Amino acid sequence: MKATALSPARMRLLTLIGTVITQFALGSVYTWSLFNGQLAQKLDAPVSQVAFSFGLLSLGLAIASSLAGKLQERFGVRNVTIGAGVLMATGFWLTAHADNLMMLYLSAGILIGLADGAGYLLTLSNCVKWFPERKGLISACSIGAYGLGSLGFKFICGALLSTQGLENTFLIWGGLAMSMIIAGALLMHDAPVRQAADNTQRAARDYTLAQSVRLPQYWMLALMFLTACMSGLYVIGVAKDIGEVLVHLSAQTAASAVTVIAVANLSGRLILGVLSDKMARIRVISLAQMISLLGMSILLFTRMTETTFFLSLACVAFSFGGTITVFPSLVSDFFGLNNLTKNYGLIYLGFGIGSVLGSLVASLSGGFTVTFSLIMTLLVLSFILSLSIRLPQRQALAGPLLHH
């Protein structure tokens, strides 16, 4: 494909299509809970130890995301994404042949996590940079596709499991995901660097990572993000168990939590993503935090019925989906678009830490209550921070940039 022959308008459209296809395939890892039972039988290990591989996957995803900016500078978005597709297929091939927990942790946890993270944040940031005037909408499309991928692959993997068995399902899934990621990557182009010369205001608000981390706002945003990820990932990860243990639902009814979460998560991505182009993004985050607080309050303070259980899950998943959609654009409002992949990449480590922290506290305290209480406390703190945070001082001259 001759990049020179394409107009910028065509390049950005192709990049958007490629990003959506790639994100759909990358989102497939969120069907992981479907495999815990069969993997536990195969490896003769408790489900909780098998499920830890998903915690490692989230950690690998976050670490790779934080390094993605460096890789893009060196190799370009297309090559890194193709590499992520190949690494992902390798991870699935090794997972199919894993015969002990350590091997599962390495393949399903670390390798697939690194592949997913290398592709996820890089393609998202690159696509957002192509559309500076519609950041919220483009984030919603891209991250919405990631969410749809988890829903779509739930049916694909479910059907494969019942007909092909565990090993073949991993091999087919890996092949399918790799084909989609590479096909998407071939459509992508690196976004042009925004030149500051035409606009001195823009220069004033492009912070490098080294400058960003010296600002209190950076760590306030990082804590809000960590809290949102911890609440979302922990509750999503143990939703089925909460249903069975706290609400005494049958395993079949509790399993429909997966669908409720997927729909709420997707709705949060689309609704709050689009809303973030219409109002100050930090207010959208405050709104998401209020919805999450409502969900956590139901989990913590009420005797749940089936309806309130599903409502609480929907609140937490809606809020989580919306927060991770709005956050890349929010970070670019505070610290500029040019260094977004690096600036957001470090904050995105909160995703990995959050995923492990919730499970860690739960396993140390031996129950849901302590973890729910910790999440609730952090949510209240985050809500106060989101109401009090202000843009970095250096860009005070540039007007109310939060609305861009």
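The values are calculated or read from the model by the stated rules, or taken from the named source; none is laboratory data. Since the model is a prediction, treat every value here as computed from it, not as a measurement. Counting neighbours? That spans all protein chains shown, and the Cβs are built from the backbone with ideal geometry, glycine included. Areas reflect the complete protein model, heavy atoms only, side chains present, ligands, DNA and RNA absent. Shrake-Rupley method; radii C 1.70, N 1.55, O 1.52, S 1.80 Å.
When shorter helices are ignored and each DSSP H run of at least 4 residues is given -39500 (n - 2.57), the per-residue value for the chain at 222 nm works out to -25500 deg cm²/dmol.
For segment 74-90, backbone phi angles converted through the Karplus equation (6.51, -1.76, 1.60; θ = phi - 60°) give residue-by-residue couplings of 7, 10, x, 5, 5, 5, 5, 5, 4, x, 4, x, 5, 5, 5, 4, 4 Hz, Gly and Pro being listed as x.
Pull up the cross-link candidates among the lysines for K129, meaning alpha carbon to alpha carbon under 25 Å and not fewer than 8 places away within one chain. Within reach: K2, K70, K278, K342. Each part reduced to its alpha carbon centroid, segment 328-382 and segment 272-326 end up 15 Å apart.
By per-residue mean of other Cβ atoms within 10 Å, what is the highest-first order of 238-247, 125-134? If you can, show how the numbers build up before the last one.
Values: 238-247: 19.1, 125-134: 20.7.
With the highest mean Cβ count within 10 Å placed first, the list reads 125-134, 238-247.
For segment 112-167, what class follows from the C-alpha gyration tensor (a ≥ b ≥ c being the square roots of its eigenvalues): rounded when a/c is under 1.5, otherwise prolate if a/b is larger than b/c, else oblate? Since a/c reaches 1.5 but b/c is at least a/b, the shape of segment 112-167 is classed as oblate. Sorting the segments 298-309, 50-61 by their mean number of nearby beta carbons within 10 angstrom, highest to lowest, gives 50-61, 298-309. Computed from backbone phi, the HN-Hα couplings of segment 185-193 come to 4, 5, 8, 7, 10, 5, 5, x, 5 Hz, rounded to whole numbers (Karplus: 6.51 cos²θ - 1.76 cosθ + 1.60, θ = phi - 60°; Gly and Pro given as x).
Surface exposure of the chain, expressed per residue as accessible area with a 1.4 Å probe, stands at 40 Å². Once you reduce segment 83-134 and segment 164-179 to the center of their Cα atoms, the two points are 15 Å from each other.
For the chain, the fraction of 1.4 Å probe accessible surface lying on carbon and sulfur atoms is 68 percent. Under the criterion of Cα pairs below 8 Å and six or more residues apart, the relative contact order for the chain equals 25 percent.
Straight-distance candidates among the lysines for linking to K240, with alpha-carbon spacing under 30 Å and chain neighbours fewer than 8 residues away dropped: K42, K154. The residues neighbouring D277, those whose beta-carbon lies less than 10 Å from its own, together hold a net charge of +3 under the Lys/Arg +1, Asp/Glu -1 convention. What label, among (1) 128; (2) 236; (3) 155, belongs to volume of the Cα convex hull per residue in Å³ computed from the structure on display? Matching entry in (1) 128; (2) 236; (3) 155: (1).
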